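**Q** First, the structure itself, so that you have it in front of you.
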Ligand code: GUN
């Protein structure tokens with residue numbers, strides 16, 4: 001039976017470390033860290049994520065605000081919001097919540113964010129720094145996965161990994177981060193042939209396909225490490241019952257076969273939020289000239 005990589009518990013440890021760092025440097029900095037989330041429209045899932053991010057900010061001492069535009073907002077209006085936040089000294093981090101409703105151009109909006117405030121790590125300058133292995137703000141979900149693997153004691157050197165999905169948000173940066181940890185990486189996508197065969201060869205499988213239950217037990221190599229980035233709301237089966245969440249992996253089937261597995265919920269999701277907080281505190285420290293960085297969360301020995 002697989003060991004669970006508990007993102008909820010690890011995220012709580014990251015929050016403790018961040019809360020301490022914020023309190024320690026508050027006097028030197030002169031103001032608390034500030035995060036602004038730019039949300040457009042009323043996508044219910046985005047509403048839940050944005051609410052969780054705001055609550056987590058409150059727990060570590062980051063001041064958060066949500067700039068909520070109606071779905072009818074123009075590209076120019078959203079761009080102007082971003083430009084105001086770029087110039088605002090009380091704002092250290094800007095997150096443009098995705099997906100953006102059509103016909104807005106998300107790429108252009110991400111490009112407008114000051115790279116020093118790009119706590120999502122999605123600006124081309126920060127993605128370029130990632131590719132070059134230079135310091136910079138890193139995309140939160142893959143950074144969260146790397147932290148889960150490190151704290152789970154997973155040895156990555158030389159292993160063979162498959163990342164399913166090639167988005168800018170997850171798949172692409174995940175592939176790069178794993179390569180930089182000396183993993184041999186294959187990135188699969190919607191045109192990949194024989195996906196199941198690729199999966200069965202992987203010692204580490206990262207599922208970020210956006211397809212509920214895509215990965216079943218027969219796709220998983222025995223003793224593989226399985227990371228599930230998917231999060232899908234399953235409507236309640238009957239009136240009076242609750243909606244549930246599931247990932248891209250059939251958890252019940254895969255758990256007995258894998259060596260380690262992330263649950264949904266409580267796996268990658270909380271770590272994405274923890275990395276957003278981390279990036280925001282890092283951006284704040286940089287802007288305020290705080291030296292010493294953030295106290296690291298100790299790895300298991
Ligand atoms: N939508 C779902 N996850 C994310 C995320 O990590 N960042 C942004 N900007 N949008 C998202």
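**Q** Over segment 205-289, what is the relative contact order in whole percent, taking alpha-carbon pairs under 8 Å and six or more residues apart? Before the final figure, lay out the partial values.
**A** Numbers: 133 pairs, mean separation 26.3, N = 85.
Reported relative contact order: 31 percent.
**Q** Which whole-angstrom value gives the distance between the alpha carbon centres of segment 264-294 and segment 13-34?
**A** If you average the Cα positions of each part, the centres end up 11 Å apart.
**Q** Taking Cα atoms, how many degrees apart are the long axis of helix 268-288 and the longest axis of the chain, rounded to 10 and kept between 0 and 90?
**A** For helix 268-288, the angle is close to 30 degrees.
**Q** Once fully extended, how much extra length lies between residue 48 and residue 66, figured as 0.36 nm per residue of separation less the alpha-carbon to alpha-carbon distance?
**A** Values: separation 18, 0.36 × 18 = 6.48 nm, distance 1.25 nm.
The residue 48-residue 66 span can extend by a further 5.2 nm.
**Q** If Rh is defined by the Kirkwood formula over all Cα pairs and Rg also comes from Cα, what ratio Rg/Rh do you get for segment 167-299? Working shown, then result.
**A** Numbers: Rg = 17.6 Å, Rh = 16.8 Å.
My calculation puts Rg/Rh at 1.04.
**Q** Helix 7-29 versus the longest principal axis of the chain: what is the Cα-based angle in degrees, 0 to 90, to the nearest 10?
**A** It works out to around 20 degrees.
**Q** Could I ask something else about it? Quick one: among 63, 132, 200, which has the greatest mean-square fluctuation in a GNM of the chain with alpha-carbon springs under 10 angstrom?
**A** 132
**Q** Also, quick follow-up: Work out, step by step, the length gained on full extension between residue 125 and residue 180: first 0.36 nm times the residue separation, then minus their alpha carbon distance; give nm to one decimal.
**A** On the way: separation 55, 0.36 × 55 = 19.80 nm, distance 1.81 nm.
In short, 18.0 nm is gained.
**Q** Quick one: compute the contact order of the chain, relative version, from alpha carbon pairs under 8 angstrom and 6+ residues apart, as a percent.
**A** Numbers: 581 pairs, mean separation 72.4, N = 301.
Result for the chain is 24 percent.
**Q** So, in Å, what gap is there between the alpha-carbon centers of segment 245-259 and segment 194-237?
**A** That distance is 7 Å.
**Q** For the chain, modelled as a Gaussian network with Cα springs under 10 Å, which listed residue fluctuates most, 194, 86, 279?
**A** 194
**Q** I've got another one for you. Given the options 282, 239, 211, state which has the largest fluctuation in a GNM of the chain using a 10 Å cut-off (strictly under) for Cα springs.
**A** In this elastic network of the chain, the residue with the biggest mean-square fluctuation among 282, 239, 211 is 239.
**Q** Follow-up. 222 nm [θ] for the chain, helices only, -39500 (n - 2.57) per DSSP H run of 4+, per residue, to 500? Numbers along the way, then the final one.
**A** Details: 10 runs with 123 residues, N = 301.
It comes out at -13000 deg cm²/dmol, rounded to the nearest 500.
**Q** Compute the whole-percent fraction of alpha carbon pairs in the chain spaced more than 38 Å apart. Each step should come with its number before you reach the end.
**A** Numbers: 5448 of 45150 pairs.
That tail contains 12 percent of the Cα-Cα pairs.
**Q** Sticking with this structure for a sec: Between helix 140-151 and the chain, what is the angle of the helix's C-alpha long axis to the longest principal axis, kept within 0 to 90° and rounded to the nearest 10?
**A** Computed tilt is about 60 degrees.
**Q** Quick one: what does P(r) look like for segment 136-219 with 5 Å bins over all Cα pairs, in whole %?
**A** The percentages, shortest bin first, are 3, 15, 27, 26, 19, 8, 2, 0.
**Q** I want to make sure I understand the PRE zone here: with the label point 7 angstrom from the Cα of residue 31 toward its beta carbon, which residues in segment 59-95 have backbone N atoms less than 16 Å away?
**A** Only 62-66, 83-94 pass the distance filter.
All of the numbers you see were taken from the coordinates with simple rules; none came from a lab. Bear in mind that the values here come from a model prediction, so they are computed numbers and not experimental data. A quick note on method: Cβ atoms are made from the backbone with ideal geometry, for glycine too, and the neighbour counts reach across all protein chains shown.
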